[in-house]
Each structure stands twice: as structure tokens, then as C-alpha cells.
Amino acid sequence: MLILHACMDDDALWETRPVPVSPSPEGVFIINEGNFMYGNASLSYYDPVEKIILNDVFFNTNGLPLGDVALSMTIRGNLGYIVVNNSGRIYVIDLETFELKGKITGLTSPRYMHFVSDEKAYVTDLYAKAIAVVNPQTYEITGSIDVNNHESEFYQHSTEQMVQVGKYVFTNCWSFDNNILVIDTDTDQWVETIEVPVQPQSMVVDANDKIWVITDGGFPGSPFGHEAPTLVRIDAHERKTEKMYQFDLNDHAMSLAINKTKDTLYFINRHVYRHPVGSDDFPEIFIQSTSPADSYGGFRALGVDPASSEIYVGDAIDFVQPGIVYRFTPQGQPIDTLRVRISPGNFAFKVTTP
Amino acid sequence: MPFRFNLYNLVKNNGNTLIPGFLFLFFVLGSASFSGAQTIRDSIIELEEVQVRAARIFEKETAGMKETRVDSLVIRQKLNLSLSELLAENTPVYIKSHGRGALATASFRGTASSHTQVNWNGININSPMLGMVDFSLIPVYIIDDITLKHGGASVSDQSGGLGGSINIANRADWTNTRQLSYIQGVGSFSTRDQFLMTSLGNSKIQWRSRVYYNRSENNYPFINRTIADQENGQLVHPADTNKHAAYSRYGTLQEVYWQPSHQHMVSVHWWGQMGERGIPRVISFEGPDNTNISRQKDQDHKAVARWQWYRDSDNITIRSGYAFRQLDYTLKNQISGTDPIPAVDSESFQQSFMQYVSYRKEFSQTLSLESAFNFDHHKVHTRDSVTQTGYKTNREDLSLFLALRSRLQKRVNMNLMIRQEFRGNEFSPIIPFLGIDYMVSKRHPLVLKAHIARNYRHPSLNDLYWVPGGNPELKPEKGFSVEGGIRHQWKPVGFNLQSEITFFRSDINNWIIWIPSFKGYWEPQNIRRVLSRGLETHAKVSGKLSEIQYHIMGTYSYTQAINYGDPARWGDESYGKQLVFIPQHSGNVLFNLQYKAYAISWQHNSYSERFTASGNDISRRNWLYPYYMNDLSLAKEWIFEKWNLQAEFKIYNLFNETYHTILYRPMPGRNFMLSLRLDLHDRR
């Protein structure tokens, strides 16, 4: 009877496997979100010179899964800080060896990390109603910035991306919200609020200290409102909206990024759009998506290499199979297509210091 | 009476809020004269009854339909478990379980959980909101009879069972006069089970009441491979426990049966249940302790009243059913210095009113007719008080059914069924079923069975109206199935063998899946076509070797469920691949030996690998390796003059294996359950 018994070999899953050393100093990290509650987030690494893609570099190096929903990665020096949203932690890795160097834990639902200095960084959060202040060298949480909005009937404020102009950090509040918060980095206090259209999704700052924001407009039936997505320009010093482009109600704009010289915007509105910051024209389609409108998947993540201004676009297809990353020249010519892992959602670029 | 005192205590411990006072009175007054017991021997008698019924494997009413009835021995053995565990371990139905005590959904023949229709005493209990059933919430204890209708056979009860249907029912025991039975279970992880059943009646009227209370801390230990702490330059995985996973469930089933004459039979059933459980966080969570805490509360009331009238060759059934379901889900976080505040606080209320009338006529031994009419009204209101999203809607379903069954020759039965439905204002296309049985041999009953059928499943109310994403333009899922098989039975003296093998092919178009579009949120689309092919076998052997009674039963299934959706989407690797979470090979076996007052059972259950990625990518992180599970149970019975006691010791996960059924959800290692059962009864 017991012949039928065969051991389930769980240990074999967790063995480390050697990851080839990348010969080039340049590199692109692709943060694959994975599926919510599946714990299958992962990290891919791409060598743009040799055109080599390495998947699962974190897991293979450390014998440890990245966690549940890896959202973003911030690079500082030779370390990478990977924010793992639903695992409530940030993993710190060595950019060359992918080895785990440490972790910042105790975060409620972390989204993005922004360095104020070598000793101080901010971590935004979906649910904490606070921005965590962390010490990236000791991996400790040193404080928090209260962003609780007692006046709203919605769960506010959740905070997302961050940009800095002078001593002020600007963060967008996306979930059932329409605000950009201004944080004073000297006092670690929320000092001002800039109202924008519904659901600011992403932000960049250009060479002229202008903050550009994409709002996605919410969704049909949202009690917070559903409106057309917009591209908004805010003056970082005046803290006022100066310019606004409005798309169609059925559009879905997202993933704003900027090039090396900070004079050209890129974003996704089903297709990839490009918009020079000085232009008064309505933004135009730059790279056409071949994915049909009534189908699934399509472009959902965008990154612009700060060294080369090359464009990387992620497509999760059905979100339950390895996704694809397309690489284009700054002129929009395709260079390479990479098969990565489930739900490529963000990019981090290893910049070589000259 | 030595046991009266114990009994009283047992009842009291069971939670006095649940037991009406008159029950107490009844126990105390009636306990003196209880005698006899529901014993292992009785279950064999029952078993034989089932087999007698099963001997009629060649009936025109079921021609071409594959029906399997779960052995009463199995029901008795799994009394303290959920229906999900019984289905997984003893039937070809694949159960996707999210953990011990957690959500468990069922899949027949590679189809989706919403393609399994579930009926309780004739009324459909699939959630009108979600389309599916959580089998972890159905205790085996409230079930007397489980019949599976595979594939097209489910058309006889309703549409939508593209995979099949699971019919659970209660039945009256007209031989009963007084009976009482109590089970107390104590198990690992602070698991406590209490079940109490009492019944009273005569040949005209029967009343039976069941109450139960199950709870578990569910805090089993595991090594957390998703967390690493640095210790002396080494990565160390901490010893962890399954947190925030406690569950409790209590409920009652009340039944009254009345047969004023041979022509009439009336019954009323009410099943009420309250379930509460924590939904554990992902095990890789390293955030603050009081954050990311999810809880779910399920409150259910189901009631059905039925009147049946018989006269010679006519039968009328009128049935009225009601199902209420309230589902509350919260996700709470403690943020600086406050009490935990909800980030998600959703409440859904689902109500269904179901009316059914049928008329059957047996014109002759060779021709019968069945006609039925269903009218169901569903109301759903769901709302999240944090995001303030939700929807409120009603739906009416009307269904007409006609079946013509005939014995064409001595060896051929034919079964033609037609169903016509109206949903809202729309006519659905006709659902036809044609089944044929051919009796090859009468001596050793051997029957060839085959059918061809069409079926539809309508989108659930969430599919249509969920905010955001609900898609009112969705089309029904369309299934076309053919199957053929052989059923065999051999019963020499003291030995019984039954076996069946079925080959099936089911082609489902407009399969609905939720998928993110370029709009950024998930929405359901009719994008898949799934071709599911395979075979199901089961066999059952029982008999006696000198003093030892043996029962051996098992199933094996081979399932190829392949996605043939539109391959036009460039880069999509899911085309031509096995659906996620569907094992190609699955099987189980149960050995049961009884010697005098002792019994031993071994249960084995296995699945081949399952994919979690639609492209069947087998990167280690996304892979569920083959699953082999073994449980062992030992039982001993003490028979006294007026009462019986049975003790059973069960070992689950006998070999203490580390395994997963969902990615990164730890499952319990070897664990134990001791249960004591006290029986008192009177039989005419």
C-alpha cells in the first residue's frame, strides 16, 4: 500500500542557483509585480549591451522569493532598494551580485522610496496615511510624516511617487484622491496641498522645475468621480496648475516618464505618447500599440533609460504568464523584445558614474 | 442512568444558545429508554441499501447520464470535515483549497468553479453574486446523501453545470422512533468539533434536528521560507505559525417529514449557519503586527418546503426554496495610535427565492415523461463603505424542462431532455441532451452509456455589475459535450465489485475570465475557448474475508483542459496550454478494514503538478509540484446494552509532508483528531 507514497520534495524549490555575472556596467532591472496574494513577484536583469536577459535573479541568488507585489526599485550608489508592497518590506540588494544586503521591515503597504540624503529616505504608503522616514544605511524606520486627511469621507491620503525640487518633496495621492502633497524635508512635515484632477497616477519633474502629472480620471461608477484623464503641469515654486491637456473619457493614461535631458515626456495612453516639455501642441502618439483595444494586456509600464534615453515598455499580456518588455531607441525604433516574468510593472536603471 | 448526567453536560458544553429548551426536556425525559445505536454495523446495512439501489444501473430515467453517489461509508468517515475535503479525497472533483479552513472551490473535468452547480435538497445554492460555492463552508455532518452528476447529466436539474453538479440531500429515516447522537472531537491546533443530532418520529411523521459547532485556532507551525533573517552572515528562515487563520462555524439543520398517506409526502428543511474566519496575510508579510488584517464572516440561511404527490404512475412535486447569504469582508490597519481602521469594509446581501413545479408520468414500462418549471428571483446588494462602491440588482430566471425517456428495446434506453431558459428579458438558446444506454450483459450487469449535450452558463451578477469592471455586455458561456463510458457491476455471494470508466470531451466557448484591460482595472471578457478532454474511472470493491470486512474504493482521472482562445494576441503563450490549477492526473483510494469492533482506514489522495501561470511556465516560484497525501484512522466501538460509544483516532498528513496547494500558503504537517461518538436510538 505504502508504495504509492512518494515524498513531496519541497526543499528542491529553494536551492540557490548561480546567476551569470553580467559583463557590462550598464543594466536595467525589471520589477515584475507578480500576482496579488500569490507571493510570486520577481526581479529580472537586462544587459543592454550584450542583450542578455536574466530572470529570477533575486530568487536564484538568494534562494528566497522576493515577496508579494514588488512595486518599485530605487537605486542609490551600488545598492538597489526593492519595495515589496504587500510584504510590507524593502529588500536591499547589491547591484552587481544581486545578493541580499538587508531589509527595511515594519512598513504597512509601501509603494515608492525616495532619497532625501544618504541617511534619510521617504517611503510612501497606500494604507498607512503616513509617509515613513527611514535611514537607508541602518535599515531603520526613524519617523513618519502624518498625511491623514480627517476631512475626507474617503480613505485619504495614500501616497505614491515622489519628486523633489529644492527642499520640497511632492507626492501624488492616487487612490480615491485628487491631491499632490508638498513635504518639507527639513522638518519632515506636510506643508501644502495642490489640487489636481481625479486620481493623479504618476509624476516627473522637468529641467525647468515644472512638475508634470498624469491623472487617470478614476473609473466608471466611481463614487469619487470619473473624468477624462489629463496631463497637468504644475509650477513647483508657485504650486499652481499652469497647463492641462485633457484626453477622452474612455482613455486610460498612465506611467509618466522623462528622458535624460529632462525635456521630453513619455507616457502610456494605450499607446506610448511623447511630448516635448516646451511644446504647446496636444501630445501625440509616438509608438503605436499593436494590441487590439478590445483585447487584454497591452502597454502598462514605461521606463526611460536616464543614460541613453532608450525606452522600455512592459506588457503583462494576461497577467498570469511571463510578460514582455519591448526596448526602443529614443526615436521609437524597436531594438529588442524580452520575455520577463509575471506582470512587469517598473524599471530601474543602473547608471554608470562617468 | 449513568449517561444522563454526561449527556446533559455534553449538551450544555455545546453552546446553550443553540439548543432550544424543549430539546433539553426531550433529552432528559426520553433518555431512559434509548437503546441500540448507529454503529459501524448499521453503516454497513446502509451501504448495502445503497448497493441495492445502485444495482439498477440500467434505467431509462438516467440513460446517458453519469451519476456517482458517494458511498455512505465515506460520508460517515468524513462527518467532522467539510464537503471540500470529502470531494477532494473521494471523488474525481478537483478542489482548489486556499488552506485549512479557508476558501475551497470545486472543478469538474477541468472547468471553472462557477461551472459546478450545487443543489441542496433540490434548490440551487450557488452564489448568484459569484456564481460559485465555497465548499469549506458546507459541513459533511448536515448531509445524508451526495450525488455527483458529471458534465451534461446536470442538465436534468439546471443549466450552467458545464462541469457538472453536486447534489446534497437529506432523507427521512421512517424506521426511526427516537435517536440521539453526539460527537465530540478534539484535534491539533486547538480544534474542537461538537455535533449533536436528535430525532423523533413514527411512520407518519419524522423530526430531526442537528446542531454543530466547530472551531480551530488553526495556528500550525511551519518554516517560513519567504522570510530571511541575517544571522552571522547566513540567511536563516524563521520558525513561524499560521497566524490570523482561526475559524469557527456553528449552525443547525432542522427537518420535518410528514406522510399523511401513501400519496402525499411533505417536508420542510432549514439550514442556518454562521461562519467566521481570519484570512491569513501572505507569509512574506513583514509589516507592523496590527496591519493588513482580513476577516470574513459568512451568514447563511437556506430553507426549502416540498410537497410530493404520487398516484400510480403520476407524480407531482411542488417545491419552494429560499436562500439568504450575507458575506462581510474587512481589511483593517492600525495606523499611528488609532484603533484598527478599515481599508476595505464590504458587505453583500444575496437572496434567492426559488419556485419549482414538476410533473412526471409513467405511461408504461417503456415510456415516461417529465416536465418541470422553475422560477427564481435573485436579489443582490453589495457595498464597500470605505470606497463607497457597490451595486444593487435583481434578476429573474425562468426555466422550462421537458424529458422523454423510453426503453426502445430490451437492451436500449433513451433519454431526451430539453431545457429552455429566459433570463431577464432574454431567451437563451435551447439546451438539448440526448443520452443512450445499451445493456451488453444482464448477468454481469454491463452497460454502455453515451450522451451528447449542449449547455450554457450565464454570467454571475458580479461579472455583469461589479464596480469597476462589470461588463453587462457579456455573453453566456456555451458548452458542447459528448461522453461515453462503460458501467459494470459484479456481485457474487459475499463480494461486490462496481466500476465505471467514462471518456469525455467538452468544448466551452465564450469562457469568461477577469483580466486587466488597457483601462487599468480588471474586467470580465468572453475570451477563452477551452477544450477539455479526458477520462474518469472509479471502482469499488467490498466483501468479507473470514472475520474481516473490507471496502476498497478509488478514482482516477485524466484531464486535459486546454486553452484555445483567440491566438491573435501577440506574445500570448497560453494558447494550447493546460489551464492553471488543473492537474492532468488525479486519483484517490480509500481502504477500510473492519474486524469485530475495530476499524482501520487509510486514505490516499494525489495530484500531478499544477501550473499557476497560463503559459505553463514552470519556473520554480510558480510551480505546484505533485501532491501525495495520506491519512490514517483507527476506530474502536464499545457496545453496551442501551448505548454505544465509538472512539476514533485520525492522523492527517501521515508522513508529515511540507506541501502547498496554493503558492506560498503553508499547509499543516502531521496532525491529529480524536473523536468520541455516543449513540442512543430506538428503531422499530
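The values are calculated or read from the model by the stated rules, or taken from the named source; none is laboratory data. Computed from a prediction, not measured in an experiment: that's the story for all the values here. Note that each Cβ is placed from the backbone with ideal geometry, even for glycine, and that neighbours are counted across all protein chains shown. What goes into the accessible areas is simple: the full protein's heavy atoms, side chains included, and nothing from ligands, DNA or RNA. Shrake-Rupley method; radii C 1.70, N 1.55, O 1.52, S 1.80 Å.
Just wondering, is there one or more residues in segment B:211-220 that are open to solvent by 50 Å² or more (accessible area, probe 1.4 Å), more than 30 Å from residue B:322 (Cβ to Cβ) and modelled with pLDDT of 95 or more?
Scanning segment B:211-220, I find at least one residue that is open to solvent by 50 Å² or more (accessible area, probe 1.4 Å), more than 30 Å from residue B:322 (Cβ to Cβ) and modelled with pLDDT of 95 or more, so the answer is yes.
What pairs come out if I take residues in segment B:162-184 that are more than 30 Å from residue B:532 (Cβ to Cβ) and pair them with residues that are surrounded by fewer than 19 Cβ atoms within 10 Å (Cβ to Cβ) and of a type in the set (A, V, I, L, M, F, W, C) whose C-beta lies under 6 Å away, six or more apart or interchain? Between residues of segment B:162-184 that are more than 30 Å from residue B:532 (Cβ to Cβ) and residues that are surrounded by fewer than 19 Cβ atoms within 10 Å (Cβ to Cβ) and of a type in the set (A, V, I, L, M, F, W, C), the close pairs are B:178/B:200; B:182/B:10; B:184/B:676.
Kindly list, by first and then second residue, each pair from a residue in segment B:279-297 that is more than 10 Å from every other protein chain (Cβ to nearest Cβ) to a residue that is among the basic types (Lys, Arg), limited to pairs with Cβ atoms under 6 Å and residues at least 6 apart or on different chains. Cβ pairs passing all conditions: B:293/B:332; B:296/B:277. If you go through segment B:318-364 and keep only what is under 30 Å from residue A:132 (Cα atoms) and part of a strand (DSSP E or B), you end up with B:329, B:330, B:331, B:332, B:333, B:341, B:342, B:343, B:344, B:345, B:346. If the condition is being within 14 Å of chain B (Cβ to nearest Cβ) and open to solvent by 60 Å² or more (accessible area, probe 1.4 Å), then segment A:228-254 contributes A:248, A:249, A:250.
In segment B:651-684, of all residues being more than 22 Å from residue B:98 (Cβ to Cβ) and open to solvent by less than 20 Å² (accessible area, probe 1.4 Å), the one that is nearest to the other protein chains (Cβ to nearest Cβ) corresponds to B:675. Restricting B:100, B:109, B:171 to those that are charged (D, E, K, R), under 30 Å from residue B:432 (Cα atoms) and assigned to a loop (DSSP other than H, G, I, E, B) reduces the list to B:109. Number of residues in segment B:579-629 that are farther than 25 Å from residue B:81 by Cα, within 25 Å of the chain's Cα centre (by Cα) and open to solvent by less than 10 Å² (accessible area, probe 1.4 Å) equals 1.
Kindly indicate the residue of segment B:110-137 that is touching a helix residue (DSSP H, G or I) at 6+ places or on another chain (Cβ under 7 Å) and surrounded by 22 or more Cβ atoms within 10 Å (Cβ to Cβ) and also nearest to residue B:322 (Cα to Cα) among those meeting that condition. Walk me through it before giving the result.
The initial filter retains those residues of segment B:110-137 that are touching a helix residue (DSSP H, G or I) at 6+ places or on another chain (Cβ under 7 Å), namely B:117, B:128-132, B:135-136.
Subset that is surrounded by 22 or more Cβ atoms within 10 Å (Cβ to Cβ): B:117, B:128-129, B:131, B:135-136.
Details: B:117: 16, B:128: 13, B:129: 15, B:131: 17, B:135: 19, B:136: 21 Å.
Going through the qualifying residues, I end up with B:128.
In the set (1) open to solvent by 10 Å² or more (accessible area, probe 1.4 Å); (2) under 16 Å from residue A:265 (Cα atoms); (3) within 14 Å of chain B (Cβ to nearest Cβ), residue A:207 fails one condition alone, (3). Residues in segment B:351-383 that are out of contact with any Phe, Trp or Tyr (no Cβ under 8 Å at 6 or more places or on another chain) and of a type in the set (Val, Ile, Thr): B:366 only.
With the condition kept exactly as written, say whether any residue in segment B:101-109 is open to solvent by 10 Å² or more (accessible area, probe 1.4 Å), free of Cβ contacts under 8 Å to residues at least 60 places away in the same chain and small (Gly, Ala, Ser). Looking for residues that are open to solvent by 10 Å² or more (accessible area, probe 1.4 Å), free of Cβ contacts under 8 Å to residues at least 60 places away in the same chain and small (Gly, Ala, Ser), one finds none in segment B:101-109, hence no.
Could you check how many residues of segment A:270-325 are more than 14 Å from chain B (Cβ to nearest Cβ) and within 16 Å of the chain's Cα centre (by Cα)? Count: 6.
Cβ separations smaller than 7 Å between residues 6+ apart or across chains give the following pairs from segment B:461-479 residues that are of a type in the set (Lys, Arg) to residues that are open to solvent by 20 Å² or more (accessible area, probe 1.4 Å): B:475/B:510; B:475/B:526; B:478/B:509; B:478/B:510.
With respect to the conditions (1) closer than 21 Å to residue A:160 by Cα; (2) part of a loop (DSSP other than H, G, I, E, B); (3) of a type in the set (Ser, Thr, Tyr), residue A:266 falls short on a single one, namely (2). In the set (1) surrounded by fewer than 22 Cβ atoms within 10 Å (Cβ to Cβ); (2) of a type outside the set (Gly, Ala, Ser); (3) modelled with pLDDT under 90, the condition left unmet by residue A:296 is number (1). Note on segment A:192-245: residues that are among the β-branched types (Val, Ile, Thr) and not in a strand (DSSP E or B) amount to 2. Only residues that are charged (D, E, K, R), away from chain A (no Cβ under 14 Å) and open to solvent by less than 40 Å² (accessible area, probe 1.4 Å) were counted across segment B:498-543, and they come to 4.
Is there a residue in segment B:359-369 that is more than 14 Å from chain A (Cβ to nearest Cβ), more than 27 Å from residue B:250 (Cα to Cα) and surrounded by 18 or more Cβ atoms within 10 Å (Cβ to Cβ)?
Scanning segment B:359-369, I find at least one residue that is more than 14 Å from chain A (Cβ to nearest Cβ), more than 27 Å from residue B:250 (Cα to Cα) and surrounded by 18 or more Cβ atoms within 10 Å (Cβ to Cβ), so the answer is yes.
Note on segment A:67-132: enclosed strands (runs of 3 or more DSSP E) holding 2 or more residues that are within 11 Å of chain B (Cβ to nearest Cβ) are A:89-94, A:100-104. Summed over segment B:392-427, the residues that are part of a strand (DSSP E or B) and open to solvent by 20 Å² or more (accessible area, probe 1.4 Å) give a count of 21.
Are there any pairs, at least 6 apart or on different chains, whose C-beta atoms fall under 6 Å, with the first in segment B:320-334 and away from chain A (no Cβ under 14 Å) and the second open to solvent by 50 Å² or more (accessible area, probe 1.4 Å) and of a type outside the set (S, T, N, Q), and if so, which? Matching pairs, first to second residue: B:322/B:353; B:324/B:301; B:326/B:349; B:328/B:297; B:328/B:347.
Just so you know, in segment B:464-480 the residues that are in a strand (DSSP E or B) and open to solvent by 20 Å² or more (accessible area, probe 1.4 Å) include one that is nearest to residue B:390 (Cα to Cα), and it is B:478.
Within the set B:638, B:602, the sole residue that is more than 11 Å from every other protein chain (Cβ to nearest Cβ), in a strand (DSSP E or B) and not acidic (Asp, Glu) turns out to be B:638.
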